[in-house]
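Heads up, the thing below is written out as structure tokens.
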Amino acid sequence: MARRDLYAALGVTRGSSADEIKKAYRSLARRYHPDRNDGNEEAAERFRDIAEAYETLSNPELRARYDRLGPLYRPDGRPPSPDEVSDWVSDTIGSVFRKRRPEQGEDLRYTLSIDLEAVATGGERTIEVRRQKVCTTCRGSGADPNGGEQTCTHCGGSGKVGGRRLLRNKCPHCSGTGKIVVRKCPTCAGAGRAEVVETLKVRIPKGVATGQKLKLRGKGNDPRSPGETGDLYVIISVNEHALFKRRGTDLYCVVPITYGQATLGADLTVPTIDGKTTIRVPPGTESGKVLRLAGRGLPTMKGGRSGDMHLELHVEIPQTVSPKQRQAIESLDKLLGNETHPLRSEFIENMGKR
Ligand SMILES: [Zn+2]
Ligand SMILES: [Zn+2]
């Protein structure tokens, strides 16, 4: 981690040329070289700093990145970790307080099943979610609030070990908190967090579809140490509907009708997503004919034009008939004769010509 000024380490400025940097490095490296400073710890450390600084400033690419990132620059090119950012921030503001690594609480998922009708209307649902929240007794420390916590003797409460600021590491005894738990919190048994069941309201947008995620910011788990609470993702699952199939914003419905209705025409009551309506089936309707009700499908999420309802008329052929019904149908067939079935008549005629 490079948090000091690399230019200052070599005694040059941001405007210095590559040549000037090289010259400065050579002269300093000679002066502080371990071979010429037998056992001198300070010189050795200085030499390391010089070498590190030169490694970055002699490489145009690394130098440009250092110029851009300043104290957050890392020689390996990785983005700075939250720990480094927070170290840098607190160093910058000169904080002497112990700091904890900012952490992110876990995100949570909740699958919410809704009916197709709710897709049409939108609305609100109440859900119950199990979340980890910071224990209110110990405020997350995990220690009994009555003297359950002591200052870490290893690091003196700073949470850091190691001599120079550059080389300091998180204290392994207190994990960088500066405190040691000597008696656990009676409420959370030292976990620092406790599970709560929370009732939350979820707003369902019109037009939502299965698989879509609704994000409830900050409704996930609290982190184990100070930081940001995770988010809750509510994943929508739209239930199968007994009557309607959905394709985008369009709805499809198969409407069975009788032979008599198809032949003579009829006024039919059909379902819509928000109730019922009456449609006119014209006389002589073939099975498979689709009637479209414009704008009676589902709304879009963006509030544009709604989809359509497609009603597919399906002439239902009886699968079993009583002897009396059989008689009636046979006599009806005779009565209708060939002239009421022009397609069948033509078919028979064409077959006869062969
Ligand atoms: Zn410690
Ligand atoms: Zn607690």
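Computed quantities for the displayed model
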read-out: Which listed residue, of ASP308, ASP333, ASP274, ASP267, is modelled with pLDDT of 95 or more and open to solvent by 70 Å² or more (accessible area, probe 1.4 Å); value: ASP267
read-out: Residue, modelled with the lowest pLDDT, within region 97-153, restricted to residues that are within 16 Å of ligand 1 (Cβ to nearest atom) and touching a helix residue (DSSP H, G or I) at 6+ places or on another chain (Cβ under 7 Å); value: LYS99
read-out: Odd one out for VAL281, checked against (1) surrounded by 14 or more Cβ atoms within 10 Å (Cβ to Cβ); (2) touching a residue at least 40 places away in the same chain (Cβ under 8 Å); (3) in contact with a helix residue (DSSP H, G or I) (Cβ under 7 Å, 6 or more places away or on another chain); value: (2)
read-out: Helices (runs of 4 or more DSSP H) contained in region 1-58 and holding at least 3 residues open to solvent by 40 Å² or more (accessible area, probe 1.4 Å) and more than 28 Å from ASN169 (Cα to Cα); value: 18-32
read-out: Lone unmet requirement of (1) modelled with pLDDT under 80; (2) under 30 Å from GLY227 (Cβ atoms) for ASP5; value: (1)
read-out: Pair list, Cβ < 6 Å and 6+ apart or interchain, from region 191-218 residues that are within 16 Å of ligand 2 (Cβ to nearest atom) to residues that are among the basic types (Lys, Arg); value: GLY192/ARG224; GLU195/ARG130; VAL196/ARG131; VAL196/LYS133
read-out: Test: residue in region 246-258 that is among the aliphatic types (A, V, I, L, M), modelled with pLDDT of 95 or more and either loosely packed, with under 15 Cβ neighbours inside 10 Å or within 16 Å of ligand 1 (Cβ to nearest atom) (or both); value: yes
read-out: Only listed residue being at pLDDT 95 or above, surrounded by 10 or more Cβ atoms within 10 Å (Cβ to Cβ) and over 30 Å from VAL238 (Cβ atoms), chosen from ARG344, ARG296, ARG326; value: ARG326
read-out: The one condition in (1) modelled with pLDDT under 90; (2) over 36 Å from the mean Cα position of the chain (by Cα) that VAL182 fails to fulfil; value: (1)
read-out: Evaluation of SER237 against (1) small (Gly, Ala, Ser); (2) under 32 Å from the mean Cα position of the chain (by Cα); (3) buried (at least 16 other Cβ atoms within 10 Å of the Cβ) (one fails), failing number; value: (3)
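The values are calculated or read from the model by the stated rules, or taken from the named source; none is laboratory data. What you see is a predicted model, and the numbers here were worked out from it, not measured in a lab. Please note: Cβ atoms are built from the backbone with ideal geometry, for glycine as well, and neighbour counts cover all protein chains shown. Note: accessible area is taken over every heavy atom of the protein model, side chains too, but ligands, DNA and RNA are not part of it. Shrake-Rupley method; radii C 1.70, N 1.55, O 1.52, S 1.80 Å.
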